[in-house]
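Q: Quick one: the structure is below, questions incoming.
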Amino acid sequence: MAVMDILRQYLDSKTTPSDPNAAHAHFDEVARTAPPDVVGQGVADAFKSNSTPSFADMVAQLFGHSDPRQRADVLNQLLRSVGPGLMAALRGGGLGRLSVPQDGSAPQVSPEQASQLTPEQIRDIAARAEQHDPTALDKVGSIYAQHPELVKKLGSAALAIALAGMATRMRG
């Protein structure tokens, strides 16, 4: 099935395929061919939706399934989104054992350091990042767009929302 034919199914939520496995297969197909920025925006749409768990919960879930490099990429982005004002508060939490610069700027966390944090700690950091920088959802969406196999861990509802967002952006 052509990508645009797949995406047309998601433009109207009333016609979203009833087979939950369809969204997984469709996401695979579209993510392979759609521009990375469109995939990232679709993932961010799922993060923003009221029909999915919170951004913080979804990032924590994805973090738990990520490899060390992916964890570091996401954590570094979240820390940049938190900004210097909140770094001191985070230093007392899960980041206490990471070397956070005294000036409060965001550290560059290694894969090994990122792997020391739990999904629950990432949930807290993601929630703070979302409060401080609403574009954090888009930025993290862009990171996970590079790893569609991880995005599929969010489930069919989130994938359908992501596909609908991609369909809206790609229709011409």
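Bear in mind that the values in this text are calculations on the coordinates, not laboratory data. Please read these numbers as outputs of a predicted model, since none were measured by experiment. For neighbour counting, all protein chains shown are included, and Cβ atoms are generated from backbone atoms with ideal geometry for every residue, glycine included.
Q: For LYS153, go through the aspartates and glutamates and keep the ones whose alpha-carbon is under 13 Å away, minus same-chain ones fewer than eight residues off.
A: Hits, sequence-local ones excluded: ASP28, ASP57.
Q: Tell me which aspartates and glutamates have Cα within less than 15 Å of LYS139's Cα, excluding those fewer than 8 residues away on the same chain?
A: Output for LYS139: ASP37, ASP45, ASP73, GLU130.
Q: Can you run phi through the Karplus equation (6.51, -1.76, 1.60; θ = phi - 60°) for the range 35-44 and list ³J(HN,Hα) in whole Hz, with x for Gly and Pro?
A: Each residue's phi maps through the Karplus curve to give x, x, 5, 5, 5, x, 5, x, 4, 4 Hz.
Q: Convert each backbone phi in the range 144-155 into a coupling constant with the Karplus relation 6.51 cos²θ - 1.76 cosθ + 1.60 (shift: θ = phi - 60°), then list the ³J(HN,Hα) values in order as whole Hz, x for Gly and Pro.
A: 6, 4, 6, 9, x, 5, 6, 4, 4, 5, 6, x
Q: Ranked by Cβ crowding within 10 angstrom, fewest neighbours first, how are LEU137, LEU62 ordered?
A: Ordered from fewest to most neighbouring Cβ atoms within 10 Å, LEU137, LEU62 come out as LEU137, LEU62.
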